[in-house]
1. Would you calculate a helix-derived [θ] at 222 nm for the chain, using -39,500 (n - 2.57) for each DSSP H run of n ≥ 4 and dividing by the full residue count, to the nearest 500?
2. Give me the percent of accessible area attributable to carbon and sulfur for the chain, probe 1.4 angstrom.
3. To the nearest 10 Å², what's H55's accessible area with a 1.4 Å probe?
4. Let me check I have the definition right: for the chain, take the eigenvalues of the Cα gyration tensor, multiply each by 5, take square roots. What are those semi-axes in whole Å, largest first?
5. Packing-wise, with mean Cβ within 10 Å as the measure, how do 34-40, 99-105 rank, highest first?
6. Just the number please: accessible area per residue for region 26-103, 1.4 Å probe, all protein chains included, in Å².
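The values are calculated or read from the model by the stated rules, or taken from the named source; none is laboratory data. A quick note: this is a predicted structure, and the numbers were derived from the prediction, not measured. Positions of Cβ are generated from backbone atoms using ideal geometry, with glycine treated the same way; all protein chains shown enter the neighbour counts. Side chains are part of the model used for accessible areas, which takes the heavy atoms of the whole protein and leaves out ligands, DNA and RNA. Shrake-Rupley method; radii C 1.70, N 1.55, O 1.52, S 1.80 Å.
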Amino acid sequence: MAHNQVNEIDELLKDLKRTPGFKAYLILNSDGIVIRWDQVGSPMPYQRAVQHAHHITELYNKSTAHIKELFDPDDGPVENVRIRTEEYEMIVSSLGSYTLAVFQEDENKEEEHVEADA
């Protein structure tokens, strides 16, 4: 049974990599330790994955804490956080004891380049 779950995760990650604009992903355990990572093009060094994991864990925990303060607790837990930077857009989602962070190209950045070229 557990063997089939690994295959499901591998298939999900393969599909994710085929998504247009995909750049990288990280999977973290509940302690913020990187357990899987990958990047399109040149491989992401482990040290960079750990650096991202540290910032993602800290930002996600702070964001969810502040959102709980701002909104009614009956609205439900925070399911994901979307972060936009100058280089990429990151979507962080936590379920159970695992966190998935996906890096993708920022769609708005592409539109800005098209407008600037025109």
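1. Numbers: 3 runs with 52 residues, N = 118.
Computed mean residue ellipticity for the chain: -15000 deg cm²/dmol.
2. Values: 4600 of 8680 Å².
After summing per-atom areas, the C and S share lands at 53 percent.
3. 110 Å²
4. Working through the eigenvalues yields semi-axes of 24, 22, 14 Å.
5. In decreasing order of mean packing, 34-40, 99-105 become 99-105, 34-40.
6. Dividing the accessible area of region 26-103 by its residue count gives 69 Å².
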